Each structure stands twice: as C-alpha cells, then as structure tokens.
Amino acid sequence: MRQKMKSAFVQKYLSEENARKYQHMLEKREEGKERLKTSMVGHLSTLNDGVIAIFITVMMLEIPFPSSEKTYREFAGAILIFLVSFFIVADFWYDNKQIFEAIVQADHMVVVANFLFLASLALIPVTTKWIIHQNNRYSAVHFGAVYILTTIFQRLLYFTALRKRFRKNPTVFLLMIFSRACVLLMISAVLMILSWFYPRQAFVCYIILPVISFFMP
C-alpha cells in the first residue's frame, strides 16, 4: 500500500527525469539500509563487550577491603557474591556471542531487543552491590527478579535476530527459544520463592545456576 502511494505520487507530480532521480535516491537509501544492517552486527557485538566489561569492573570495585581480622569474613563473602554475578554476566555474554555469530544482519528490532537486554543486565551490578551491603530477603528476591528479566530480554533478542531464518519452520524455532527459557525461568522462580524465606541458602543456589549454565551450556 505504501509503495503504491509512492508510485502514484511520482507519476502525478514528478517529471520523467526527476522520477528517475527519485528512484535512484530510493535505491541508494535501501542499499544504505542493507549495509547498516550488515555492519550493525559487529557494532552491537563490540558495544556489548565494552558495556559488559564495565559492568564487571563496577561489581569488582564494590568489594570492600578487610580492615581487620573480624571483617575478613565479610570480605570473603563479598568475593563470593562477586563471583556469582561475574559468572551470570559471563554466561549472558557467551550466549550473546553465539547469537551474533549466527546472523549476518541486524535490523531495528534486533537493536531494540539488544538495548533492552543491556538495560536489564545493567541492574545486576546494582543488585550485587545491594546484596554485598545488605544480604537479606529483599536483596535476594530483587536479584532473582533481575535475573529473570534479563533472561526474558535475551530470549527476545534471540527471537528477533533469528526469526527470518526459521520462517519455514516456526514450530522448531519456538521450541528452540522456549525450551531453555522455560527451564531457566522455572528455576529462577523457585529460587525467588526460596529467597524470601531462606535468603542465604537461596544465594548459594544462585552460585550453582550460572556456573552450570556457563560451563555446561
């Protein structure tokens, strides 16, 4: 419909020479869009690397140094919390690399999904800081909520990036997306409930989840 309106406008208001120039401009614009989609894959991958590196640095800087022998236990606990968040971020980074290695173009939907993912991932350092300073049920539950939200947005990124490749097999594609997402979301939901009643034990479980996911994807 939109293309027909443009064609009618060209035929009615433009001369033959101007119509050729207009058509040439449209072709160049489409070529530019295709080049941008191709180059955007590398740009997004590089952006994610830099942003995630900053996230890891911020989490590391939140580790308090022990001021005495009494505070050494708190120092060791903060390192443990950092390692949990580190492997969670590393696991998301690894999955993202796999997504961008599987595509040759990234359209606007992929860009939007990627920034939604980064926005949710940015909350992991915040909740990590919260747990380091106040390890209670509220901090543990919010940590789990951020983990679930980030998982959802990464599945959205996976869908938008690879949706065109599986047009002929949409059922297989949806199974690929939701099979892992459902397992992670179910585990995360159980951990969030556990966090409310047993926050320390739940956070120990949070240690196991990213380690298993990272080393045995």
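Each residue in the stretch 40-63 was checked for being open to solvent by 50 Å² or more (accessible area, probe 1.4 Å) and more than 18 Å from V126 (Cβ to Cβ), and 4 pass.
In the stretch 150-178, how many residues are closer than 30 Å to F75 by Cβ and open to solvent by 60 Å² or more (accessible area, probe 1.4 Å)? Going through the stretch 150-178 one residue at a time, the tally reaches 0. The single condition among (1) touching a Pro at 6+ places or on another chain (Cβ under 9 Å); (2) open to solvent by 40 Å² or more (accessible area, probe 1.4 Å); (3) not acidic (D, E) that Y147 does not satisfy is (2).
Taking the stretch 121-217 and the helices (runs of 4 or more DSSP H) fully enclosed by it, the elements with 1 or more residues that are among the small types (G, A, S) are at 137-162, 170-197, 199-215. Within the set F153, F143, F197, F115, the sole residue that is touching a residue at least 60 places away in the same chain (Cβ under 8 Å), closer than 29 Å to L61 by Cβ and of a type outside the set (V, I, T) turns out to be F143.
The values are calculated or read from the model by the stated rules, or taken from the named source; none is laboratory data. In this text, all values refer to a predicted model and were calculated from it rather than measured experimentally. Cβ: placed from backbone, ideal geometry, glycine included. Neighbour counts: every protein chain shown. Ligands, DNA and RNA are stripped out before the accessible areas are found, and what is left, the full protein with its side chains, is counted by its heavy atoms. Shrake-Rupley method; radii C 1.70, N 1.55, O 1.52, S 1.80 Å.
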